[in-house]
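Contents: one structure, followed by commentary.
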Amino acid sequence: MLYTSTRDKSVHVSAAQAIARGISADGGLYVPEEIPGISKEFLQELSALNYISRAKKILSLYLTDFTPEEIDFCVNGAYAPGKFSSEKVSPLHTIADGAHVLELWRGPTCAFKDMALQLLPYLLTTAAKKTVADKTIVILVATSGDTGKAALAGFCDVPGTKIMVFYPNDGVSPMQKLQMTTQEGDNVCVCAINGNFDDAQNGVKAIFTDPDVAKKLDAHGMMFSSANSINWGRLVPQIVYYISAYCDLIADGTIKNGDEINIVVPTGNFGNILAAYYARMMGVPVKTLLCASNANNVLTEFLTDGVYDRNRPFYTTTSPSMDILISSNLERLLFHLAGDDDTRVRDWMAQLKETGRYTVEEDILTKLHAQFAAGCCDDTATKATIAKTWRDGYLCDTHTAVAVNVYEAYTAKTGDKTPTVIASTANPYKFSKAVLEAVTGKEPNDLNEFEQVDRLIEVTGVPCPPQLATLKEKTPRFTDCCNRADMAQKVYDMLGI
Ligand SMILES: *Cc1c(COP(=O)(O)O)cnc(C)c1O
């Protein structure tokens, strides 16, 4: 199977090349040229297997230039017993009749990014061996919070790699910040920037596509790659857990093989929901993909009216990993919906760059409406949903609460009773302040981050994952903050070039 670029269909690269390069030289994203189909029999077969075995079978459909031994090595390493706090890796938890929360945060950093970022270093170093041999891979990450830590944890001390993470100084939770600034390892570096996530992401993209920077790295035997969700190696592991969730529902008798499900995803960069879209295209019977946003509801408007307009106020919310106005992975969806028309994608992306907005035509909007629904909610509604969900017996984080809120509004409006998988993307203790406030109805302003954790344990009896609880004993290693204009220099400093 080959991959092409969303902005230039004359590009044809292997999976290894797509993963090693991260982004296409034309600024487009790599997409599979064909989507592998899966049959009902295949789903039946998978439903008898464990997560690791399912992952191997699904990945081998996309990574056709990886040998079976390589795929075994990658998957066995990423999801080794003990790395995730559930032997199912991403277990389902039923919160109401027909509503099943898919817990994607059982990994080392307690956010769903671990699902992909535990595997990506294996995929990337395997891919690099096939394509660029002896080069040092330099990973640059722009993060709204969770990607940064998950990437640092995944790449920490991986031979042949260096990783540098930029995060918006005031756009991440104290817990997220501490998780990153205390990261151990000899090949890691973390830097705050003055600005929001889009500034960080645009800064990283600019460095990536700057030919002078590339030349300088090349002269030192290095090359960039990306651990952001624009890298195909991030997306493909995410397809696995949606297929796996469907198989779990078959295996435990909740649905019959062939029954339709809906999937709700709290969305920022459009990566996680795009993975569900791929699962749907492959043949998993998904009726509706419900895209849930916070007050930064650029995607709600797009999926409803076909108008993508980033010229709007940017809100810092209690679900910071979704505080995004440019959802990079949407470009892949547009490419597929436009029937692989790279000219149209180039045109929309040029408009986005120049004017901050574009409008898709009726044909695209019709296809969007046939597969997607969308909704959003603000912080007040998020809090109310955390409180209600907790009264019903389940403690969820702010991002998951946005999804639950949008799901409830959707079912109330449509009467749609289809069994639903709700992606739960973070452990509630990553966002203790907002969760505690929601559960107790009081602002915990007099408590510091770790007192809030203790109080939340006291009030709910839900245990805090040890990797978060022990952060309070650690001292930050990385305290730098820079302007967007200085990011390239920071990268040179870190690499010593
Ligand atoms: C990254 C993240 C999201 C958004 O995922 P996208 O793939 O960017 O849409 C949602 N919730 C949490 C907790 C996250 O870390």
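Bear in mind that the values in this text are calculations on the coordinates, not laboratory data. As the structure is a computational prediction, the values presented were derived from the model and not from experiment. Ideal geometry is used to build each Cβ from the backbone, glycine not excepted, and the neighbour counts take in all protein chains shown.
Descriptive notes on the structure:
- Full extension of the chain between Asp392 and Asn257 gives 45.7 nm of extra length, using 0.36 nm per residue less the Cα-Cα distance.
- Where labels lie 7 Å past Cα in the beta-carbon direction, separation of Asp446 and Lys367 in nm: 5.8 nm
- Shape summary of the range 1-77, radius of gyration then Dmax from alpha carbon positions: 14.3, 43 Å.
- Label-point separation in nm, Arg312 to Leu2, each point 7 Å along Cα→Cβ: 3.9 nm
- Stokes-Einstein diffusion of the range 430-497 at 37 °C, 0.692 mPa s viscosity, Kirkwood radius from Cα pairs, rounded to a whole number: 222 µm²/s.
- For the range 142-194 versus the range 53-84, the inter-centroid distance based on Cα atoms is 25 Å.
- Taking the helices alone, the chain has a mean residue ellipticity at 222 nm of -14000 deg cm²/dmol, built from -39,500 (n - 2.57) per DSSP H run of at least 4 residues and averaged over all its residues.
- Each 10 Å bin, from zero up to the one with the longest distance, holds this percent of the alpha carbon pairs of the range 274-375: 14, 48, 33, 5.
- Annotation: amide H-H contacts under 5 Å for Val101 (H modelled 1.01 Å from N, sequence separation of 5 or more, or interchain): His93, Thr94, Ile95, Ile422.
- Whole-Å distance, taken between Cα centres, linking the range 201-268 and the range 1-40: 13 Å
- Qualifying GluC sites (Glu not before Pro) for the range 353-446 [loop in DSSP, other Cβ within 10 Å: at most 15]: Glu361
- Beyond 20 Å, the tail of the calculated P(r) for the range 1-150 holds 58 percent of the Cα pairs.
- Across the range 297-311, rounded Karplus estimates of 3J(HN,Hα) from the backbone phi angles (6.51 cos²θ - 1.76 cosθ + 1.60, θ = phi - 60°) give 9, 4, 6, 4, 5, 4, 6, 8, 10, x, 10, 9, 9, 8, 7 Hz, Gly and Pro being marked x.
- log10 of Debye I(q)/I(0), alpha-carbon scatterers only, for the chain at 0.06, 0.09 Å⁻¹: -0.24, -0.56
- Sorted by Cβ neighbour density within 10 Å, fewest at the top, the residues Thr460, Thr475, Thr147: Thr475, Thr460, Thr147
- Least to most buried among Thr126, Thr143 (fewest other Cβ within 10 Å first): Thr126, Thr143
- Likely footprinting exposure, His399, His336, fewest C-beta neighbours within 10 Å first: His336, His399
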